[in-house]
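Chemist: Dropping a structure here in structure tokens format, bear with me for questions.
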Amino acid sequence: MAHFKSTVAVVIGAACLAFNASRLRTEQAAQKIRVGVPSVGMGNIIIFVTKEGKLFEKYGLDAEVITVMGSGIGSKALISGNLDIIPIATPTVIAANLAGADMAILAHTMPAVVHALMVRPDIKTPEDLKGKKIGVSSLGSLTDFLVRSIAKKKGLNPDRDITLITTGGSDTERVMSLKAGAVEAAAVSHPGYGLARKMGFSMLWDSAKELDYPWMEITTRRAAIKNDRELITSYMKAHLERHRVV
Amino acid sequence: MFKTNRDFGIKVIKKTLRVTDDELVNESYDIFSKMFHSNALSQSSGDEDKLRVRRDDAQRRLGSQAGRVYRSQLS
């Protein structure tokens, strides 16, 4: 009996040592990565899925998820080196690169946007938007791009006919601005437009039907790829794995 | 995970978005679980669309120099 007890103790002790050594190795190997989220919404939910599902840890990453207000601000944080990787709207990447930035889009997450322009019930046509204020997450963001592009497609001059106002990075903030009367329309994703509909607002357009726009662009800097290719590769492995499992 | 485990997906949505309305959360889950696809590559038609819209904007702001850059990316 005493022999049995000592054997069990040795086995448990060895298991604990092995577990601790394995944990230590994982902790030592974990590379710090700062992952930006341009808005807390469903479009970026996959980053939170990766975090909650511990896929960052699986690929040796110690990810710090940092929320910023829109792609415009996100791109500045990326360029300044305060973030390693973040979904940035393609138009923002192109505009920044034309101005000398070195951003690179590595992948997209969705084939189209899930976005809509929600308006007060008295706005029935795009023409009714003339002179109105529209809430977007930030200037230079995806919402800014979508409203400008679709308004133009509908025959409006986005620089002259409408006023875009920054009303917050989350859908909820933009819907609340709409409810408070600070804006007459707001560009939101789901569940934002579902919430706005419940409050009595109407959908003027479904952005996915207006523009062919692959969504949620995983963006980094070419310098980051050059400096630490392994870090970016590990992130992309986690990204691709969550795609396989989502 | 998200697509294969509805409960996990719903839990992450509620925690992240701080939405308590079950109807909205379930609607979001249904819309987005169909949207996430198994490869992370974009469709070239979508990229061309974006480049064209940006080219028009850039041409207005920067003149012919921007037009040359976008033409080279589209060709």
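Chemist: Report, in debye and to the nearest 20, how large the dipole of region A:126-246 comes out about its Cα centre when Lys and Arg carry +1 and Asp and Glu carry -1 on their Cβ. Before the final figure, lay out each step's value.
Modeler: Details: 20 positive and 15 negative charges, 28 e Å.
Using Cβ point charges on Lys, Arg, Asp and Glu, region A:126-246 gives about 140 debye.
Chemist: Now for a separate question. Work out the FRET efficiency for A:Asp128 and B:Glu27 from their Cβ-Cβ distance, taking R0 = 22 Å, and round it to the nearest 0.05.
Modeler: Result of the calculation: an efficiency of 0.20.
Chemist: Using amide H atoms built in the peptide plane, which far-off residues or other-chain residues are under 5 Å from A:Leu164 H to H?
Modeler: Amide H to amide H, under 5 Å and 5 or more residues apart or across chains, A:Leu164 pairs with A:Ile134.
Chemist: I need A:Leu156, A:Leu178 ordered by Cβ neighbour count within 10 Å, fewest first.
Modeler: The order, fewest Cβ neighbours first, is A:Leu156, A:Leu178.
Chemist: Out of residues 5 or more away from A:Thr219 or on other chains, whose amide H comes under 5 Å of its own, with H placed 1.01 Å from N in the peptide plane?
Modeler: A:Ile86, A:Ile88, A:Leu106
Chemist: Which one of A:Ala112, A:Gly168, A:Ile150 has its Cα pushed farthest toward the positive end of the charge dipole of chain A, where Lys and Arg give +1 and Asp and Glu give -1 at the Cβ?
Modeler: Comparing the listed Cα positions along the dipole, A:Ala112 ranks first.
Chemist: Something else now. What is the distance in Å between the Cα centroid of region A:36-85 and that of region A:108-173?
Modeler: Cα centroid to Cα centroid, the span is 24 Å.
Chemist: Please average, across the residues of A:194-201, the number of beta carbons from any other chain that are within 10 Å of each residue's own beta carbon, and give a whole number.
Modeler: Mean shielding by partner chains, rounded to a whole number: 2.
Chemist: Let me ask something else about it. Under a point spin-label approximation (7 Å from Cα along Cα-to-Cβ), what is the A:Arg229-A:Ala99 distance to one decimal in nm?
Modeler: A separation of 3.1 nm, rounded to one decimal place.
Chemist: Counting only other chains, and only Cβ atoms inside 10 Å, what mean value do you get across the residues of A:106-114?
Modeler: 5
Chemist: Now, a different point. Any lysines with Cα under 22 Å of the A:Lys154 Cα? List them, leaving off those in the same chain fewer than 8 positions away.
Modeler: A:Lys154 reaches A:Lys124, A:Lys130, A:Lys132, A:Lys133, A:Lys209, B:Lys50.
Chemist: Only counting other Cβ atoms within 10 Å, I'd like B:Lys11, A:Lys226 sorted with the fewest neighbours first.
Modeler: On the way: B:Lys11 13, A:Lys226 10.
Fewest to most other Cβ atoms nearby, the residues stand as A:Lys226, B:Lys11.
Chemist: Tell me, what ³J(HN,Hα) does each residue in region B:17-32 have, in order and in whole Hz, if you take phi through Karplus 6.51 cos²θ - 1.76 cosθ + 1.60 with θ = phi - 60° and put x for Gly and Pro?
Modeler: So the J values, rounded to whole Hz, are 8, 6, 9, 10, 6, 4, 5, 5, 5, 5, 5, 4, 4, 5, 5, 7.
Chemist: Separate question: Looking only at other chains, what is the average number of their beta-carbon atoms within 10 angstrom of each beta-carbon in B:3-9? Show your work: numbers first, answer last.
Modeler: On the way: counts 6, 2, 4, 0, 0, 3, 4.
The per-residue average across the peptide is 3.
Chemist: List A:Ser202, A:Ser234, B:Ser28 from most exposed to least, where exposure is judged by having the fewest other Cβ atoms within 10 Å.
Modeler: Sorted ascending by nearby Cβ count, the order is A:Ser202, A:Ser234, B:Ser28.
Every read-out reported here was derived from the displayed coordinates using simple, explicitly stated rules and does not represent laboratory data. What you see is a predicted model; the values in this text were computed from it and never measured. Every residue, glycine among them, receives a Cβ derived from its backbone with ideal geometry; neighbour counts consider all protein chains shown.
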